[in-house]
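Encoded as structure tokens, the structure appears first; notes follow it.
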Amino acid sequence: MCIILYRNVENWRTHIVKKIMVIATLIVCGAAIIFGNLHWNEKITAQSEPAGGKADPVEKVEEKQENSDAETYMANLPEAAQEKIKTAIVSDEPVKLVIYGTTEVEGTWIDSFKQELITAYGEGVFDTIAISTGTNTTRDIINDNSYKEINELNPDILLFEAPMLEDNGDVGITNTLENLEKMYESWQGANENLVLMVQPSQPLYNATYYPSEVKQLETHVEKNKMTYLNHWENWPEHDHPDMENYLTDDNDVNEEGFAVWAEYLVEYFVAK
């Protein structure tokens, strides 16, 4: 009887010891797995940090510098235009800039102007479209309703060259301003967020009535609280002989003339 009892106790002890050993083994294995996983994560983090972690501050500094440059460049622009550019920079949705009213599209101030915008602000910030009205007067543009195509384009910024030279000696300044007023009302009525900028046509050498008409355009634009871009400031005085250096024998703008015209607009859109 005692012998049997003794054997049962031994068997029970052996069973308990085996369970303890199994549990201990599981604990050790689990700890080893957890420790190994933590060590592996630390190793991966250490390896990836130079490429990702340490580069972030540099990228942020570069991005901040780029934004700071852009804010400097746009300093001359109306606040509404500045906001549109800022949005375009961060959203990859370009500002739609429509240039309207030029007699020619290629080989003019537009080429260098577009390139300077890209150089300053980068690719994709401006989507620039140039539309020529040829030799049409404001009366022609009103009568054929061609100005309404601007409403379909829905630009953010409209840089309009009022065809003052075409109207000169034909339409009359009073009618010219009335025609322009109709265009403004149509464009602003279709797009209440439109930033409208107006510039005159080219200057002429020794003209008599034309400078006075352009001055009335300036007054009219400012009275309507729009932006007037007076690129004539960048040319010689209209009655100075140097003006001939910027025009062809037919009184068209030559390469030097387009250069000073572009320079004025670039300095306005890209302040430094």
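Just so you know, all these numbers are worked out from the coordinates, no wet-lab data involved. Everything quoted here is computed from the prediction, not taken from an experiment. Ideal geometry is used to build each Cβ from the backbone, glycine not excepted, and the neighbour counts take in all protein chains shown.
Quick one: 99, 85, fewest Cβ neighbours within 10 Å first, how do they rank?
85, 99
In the structure displayed, which of 86/215; 84/114; 148/272; 96/272 lie more than 27 Å apart, Cα to Cα? Please list the in-between numbers first.
Details: 86/215 33 Å; 84/114 17 Å; 148/272 35 Å; 96/272 23 Å.
Result: 86/215; 148/272 exceed 27 Å.
At 7 Å along the Cα-to-beta-carbon direction for both residue 175 and residue 118, put a label point, then send me their distance in nm to one decimal.
Each label point lies 7 Å from its Cα, and together they span 4.2 nm.
Just to confirm a number: summing +1 for Lys and Arg and -1 for Asp and Glu over residues other than residue 159 whose beta-carbon lies under 12 angstrom from that of residue 159, what do you get?
Numbers: positive: 96, 114; negative: 156, 161.
Taking every other residue near residue 159 into account, the sum is 0.
Determine, for 215, 114, the number of other Cβ atoms within 10 Å of each Cβ, and report the residues in order from fewest to most.
Fewest-to-most Cβ neighbours within 10 Å comes out as 215, 114.
Which GluC sites (Glu not before Pro) from region 84-179 combine a DSSP loop assignment with at most 15 other Cβ atoms within 10 Å?
For GluC sites (Glu not before Pro) across region 84-179 that sit outside H, G, I, E and B with at most 15 neighbouring Cβ atoms in 10 Å, the list reads 104, 106, 123.
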